[in-house]
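The block underneath contains the structure these notes are about, expressed in structure tokens.
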Amino acid sequence: MKHPICVNSDCKICESSLCCTKINNFGVKRSGIEILKNVNLHIHCGDLTAVIGPNGAGKSTLLKAILGEISHTGELQFLDANNGTTKPSMGYVPQKLDLDSTSPTSVLDLFAAAHTNLPIWFTYPKKIRDRVRESLALTHGEHLINKRLGELSGGELQRVLLALALDPVPHLLLLDEPVSGIDQKGLELFYQTVSTLRKNYDLSIILVSHDLNLVAEYANRVAFVNNKTIECCGTPQEVFTNEKVIQTFGLDWSNRFQRVEKDRVANALLV
Amino acid sequence: MHFWYSLVDFLLPFDWMQYGFMKNALLGVLLVTPIFGLLGTMIVNNKMAFFSDSLGHSALTGIAIGVILGNAFPLLNIKPIWSMMFFSVLITIAILVVKEANTASTDTIIGVFSSSAVALGLVILTRNGGFNKYSGYLIGDFLSISPTDLLLLGMVFVLVILLWVLIFNKLLLASMNPSLARSRGIKVKQYEYLFAVMMAVIVTISIQWVGILIISSLLVIPAASSRNIAKNMRQYHIYSVLIALVSGLSGLILSYFWGTATGATIVLITSGFFALTFGLKLRLG
Ligand SMILES: Nc1ncnc2c1ncn2[C@@H]1O[C@H](COP(=O)(O)OP(=O)(O)OP(=O)(O)O)[C@@H](O)[C@H]1O
Ligand SMILES: [Mg+2]
């Protein structure tokens, strides 16, 4: 990772072609109802920004608007290292995939359809099987390659979707509760993978999660969505001690967080 | 055409194949059923069976509009197929636009459009009690395919295969999860429209041979049968096209001997395939 802190503009040391993602005065309406308004967020490459907030706050909506699937008002800019606009490639793991469990789509089909223009009902490219195995290996899902999507378990499907989002490595990775159904071992694997990618590729990551402990440990920035907007944004330290966040998630949790934080600092000092 | 005739004479030297209309119908079946098998896979994937049904119904209104236009401008000599096609495409786009507004569930919207269209068509066509003239469209007649029809069909065949090669992967992703497709740079809406319009065109062109009443079954059943046993997309397509083709050919021949409507006979055989594959699925698990 080349920059630990977020620089505003004209940064020349970015390794990724996407340097900053700037969201200014952003708003989303659906069916005439305002879902997000006045959202401001600035994401630098190499950042892992966690988006937290209560159910129905608009976290998934924010991701979909960034993807361009639903329209929005205000500014959404992707800037490269020279402050020019760019079109980043994105990886996305949806919160849920409404799958028809009878659909005859195999994991290999899904990857091949995403990677090639050769119609998969006709033939597969020669090398695709190896490539798919390789990318599934990232999330330890090689054995799933010939299974139908409909017969995967919730966690297995998330592994597959995550592997798909990471191949090819995107500039901007949008993860909507990607690990809600993944077991403990898979969870560690996931955070390790994401951290490595972040370091190696200067990747920008936006992660929606309800697991505040993991957010506190792995994210370097946290955005708290509530009341249709981002009410507070900053380092985990700043956000988890914020008045409004404490009100939403309860004092208990915040106290525990601060205790853990203190222990960590103390431990670090001891070492 | 001559080449086709002599080829059939050489390959199928049977009594019933010596008639020109049978040779035309044979070629028609060979062109139509694979297309239906192919498109059907995506129709079943997208749960669009009801949509294809309503497309068939709206053809009635297309005919009616053609009749009105024909009366109004007798010199232009508009064939019913063009007014049908125009109306099907129109109603397809209308359904998609209203669907996007997200006010009611899709099948409700389709139901509303389809019934209104049929009602309008019936009102126009039954005026002065002249509906009998058009009842042929309800059942369809494969044996009436003419060489010009076949030419049109051939062009559509090539076009559909070409499109299916070019857009299938993207269409599949878009149908699975629009956001996911979007993240990979696929313009989801464009593909959705393209596919729906393609369906409208195919249904309209084939309706005079297959018949309004059963056209959507011919689209849906081969794919649905294939789905019972397919484990991936390739098998899904292969079985679907094969089932459509085999049903088409045997249906044509049987309908000749039984003196029944060809379209309906074909559909009946596809139903047999559905029962068969369903049995296989139950046994294989
Ligand atoms: N298609 C839609 N049309 C209208 N309103 C919608 C639509 N989708 C979501 N909403 C509304 O937008 C709000 C935000 O939804 P969103 O899915 O973004 O919440 P979320 O923060 O992701 O919640 P969760 O933590 O439960 O995943 C909700 O109040 C929801 O009712
Ligand atoms: Mg959500």
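Restricting attention to the protein assembly as shown, close to 55% of DSSP beta bridges with both partner residues there are antiparallel. Along the axis of the charge dipole computed for chain B (Cβ charges of +1 for Lys and Arg, -1 for Asp and Glu, origin at the Cα centre), the listed residues B:Pro222, B:Leu151, B:Val97 are led at the positive end by B:Val97. Among A:Lys126, A:Lys96, A:Lys37, which one moves the most in a GNM of chain A with springs linking Cα atoms closer than 10 Å? Its mean-square fluctuation being the largest, the pick is A:Lys126. In angstrom, the C-alpha Rg and Dmax of the stretch A:161-243 are 13.3, 40. Taking θ as phi - 60° and the Karplus parameters 6.51, -1.76 and 1.60, the scalar couplings of the stretch B:178-187 work out to x, 5, 4, 4, 4, 5, 9, x, 9, 7 Hz in sequence order, x denoting glycine and proline.
In a solvent-free Debye calculation with one equal scatterer on each Cα, what is log10 I(q)/I(0) for the stretch B:210-252 at q = 0.14, 0.22, 0.30 Å⁻¹, listed in the order of the q values? Reported log10 I(q)/I(0), two decimals: -0.32, -0.70, -1.01. Per residue, the solvent-accessible area of chain B (1.4 Å probe, heavy atoms of protein chains only, all protein chains present) comes to 46 Å².
Simple spin-label estimate for A:Asn40 and A:Val260 gives 3.0 nm between the two label positions (7 Å along the Cα-to-Cβ direction from each Cα).
Projection of the Cα convex hull of the stretch B:1-70, averaged over all directions and equal to a quarter of that hull's surface, yields 7.3 nm².
Per-residue ellipticity at 222 nm from helix content only, as computed over the protein assembly as shown with -39500 (n - 2.57) for each DSSP H run of at least four residues, stands at -19500 deg cm²/dmol. Of all DSSP-defined beta bridges confined to chain A, some 55% are antiparallel rather than parallel.
How would A:Thr102, A:Thr229 rank on accessible area, largest to smallest, probe 1.4 Å?
A:Thr102, A:Thr229
Each part reduced to its alpha carbon centroid, the stretch B:249-285 and the stretch B:118-176 end up 21 Å apart.
Here the Karplus curve 6.51 cos²θ - 1.76 cosθ + 1.60, taken at θ = phi - 60°, turns the phi angles of the stretch B:218-226 into couplings of 5, 6, 8, 5, x, 5, 4, 5, 4 Hz, with x standing for Gly and Pro.
Normalised by the number of residues in chain B, the mean separation of alpha-carbon contacts (under 8 Å, six or more apart) gives a relative contact order of 29 percent. Taking every alpha-carbon pair under 8 Å whose residues sit at least 6 apart, the stretch A:116-271 reaches a relative contact order of 13 percent. Expressed per residue, the C-alpha convex hull volume of the stretch B:2-284 stands at 156 Å³. When accessible surface is computed with a 1.4 Å probe, chains B and A are found to bury approximately 2700 Å² between them, both chains counted. 3J(HN,Hα) couplings calculated from phi for the stretch B:234-240 with the Karplus curve 6.51 cos²θ - 1.76 cosθ + 1.60 (θ = phi - 60°) are, in sequence order, 5, 4, 3, 5, 4, 4, 4 Hz; Gly and Pro show x. Residues of the stretch A:148-180 whose accessible area (probe 1.4 Å, heavy atoms of protein chains only) drops by at least 20 Å² once all protein chains are present, relative to their chain alone: A:Arg148, A:Leu164. At q = 0.15, 0.23, 0.27, 0.28 Å⁻¹, what log₁₀ I(q)/I(0) does the stretch B:236-285 have when each alpha carbon counts as one equal point scatterer in the Debye sum? Summing over Cα pairs of the stretch B:236-285 leads to -0.43, -0.79, -0.94, -0.98.
Against the criterion of solvent-accessible heavy-atom surface with a 1.4 angstrom probe, A:Asp130, A:Asp80, B:Asp15 sort, most first, into B:Asp15, A:Asp130, A:Asp80. For B:Ser250, the solvent-accessible surface with a 1.4 Å probe is about 40 Å², rounded to the nearest 10.
With the convex hull drawn over the C-alpha atoms of the stretch A:100-167, the volume per residue is 79 Å³. For peptide B:224-235, the mean count of partner chain Cβ atoms within 10 Å of a residue's Cβ comes to 5. Ligands, DNA and RNA are left out, and with a 1.4 angstrom probe the accessible area of the stretch A:100-167 is 41 Å² per residue.
Measuring between their Cα centroids, the stretch B:178-209 and the stretch B:65-95 lie 22 Å from each other. Summed over all non-identical Cα pairs, the Kirkwood treatment of chain A gives a radius of 19.9 Å. The amide H of A:Val51, built 1.01 Å from its N in the peptide plane, has A:Leu207, A:Val208, A:Ser209, A:Ala223 as neighbours under 5 Å, considering only residues 5 or more places off or on other chains. Inter-chain Cβ neighbour count for A:78-91, averaged per residue, equals 1 (cutoff 10 Å, partner chain atoms only). Scoring B:198-211, A:51-64 by mean Cβ neighbours within 10 Å over their residues and listing the highest first yields B:198-211, A:51-64. Directionally averaged projected area (the protein assembly as shown, Cα convex hull): 32.4 nm². When the accessible area of the protein assembly as shown is split by element with a 1.4 Å probe, what percent falls to carbon and sulfur? So the carbon and sulfur contribution to the accessible surface is 60 percent. Computing FRET efficiency as 1/(1 + (r/R0)^6) for B:Ala72 and B:Ser144, where r is the C-beta to C-beta distance and R0 is 25 Å, gives about 0.40.
Could you work out the Kirkwood radius for the stretch B:15-147, taking every pair of different alpha carbons, averaging 1/r and inverting it, reported in Å? Walk me through the numbers before you get to the answer.
Values: mean 1/r = 0.0595 Å⁻¹.
After inverting the pairwise mean of 1/r, the radius is 16.8 Å.
Inter-chain neighbour count for B:182-193: the average number of beta-carbon atoms from partner chains within 10 Å of each residue's beta-carbon is 4. When the surface is traced with a 1.4 Å probe over the full set of protein chains, B:Phe274 keeps roughly 70 Å² accessible. Once the Cβ-Cβ distance of B:Met17 and A:Lys185 is raised to the sixth power relative to R0 = 45 Å, the FRET efficiency obtained is 0.10. Computed from Cα atoms, the angle from the helix A:184-201 axis to the main principal axis of chain A rounds to 80 degrees.
The values are calculated or read from the model by the stated rules, or taken from the named source; none is laboratory data. Model, not experiment: these values are computed from the prediction. Positions of Cβ are backbone-derived with ideal geometry, glycine not excepted, and every protein chain shown enters the neighbour counts. The protein model used for the area step is the full one, side chains on, heavy atoms only, and it has no ligands, DNA or RNA in it. Shrake-Rupley method; radii C 1.70, N 1.55, O 1.52, S 1.80 Å.
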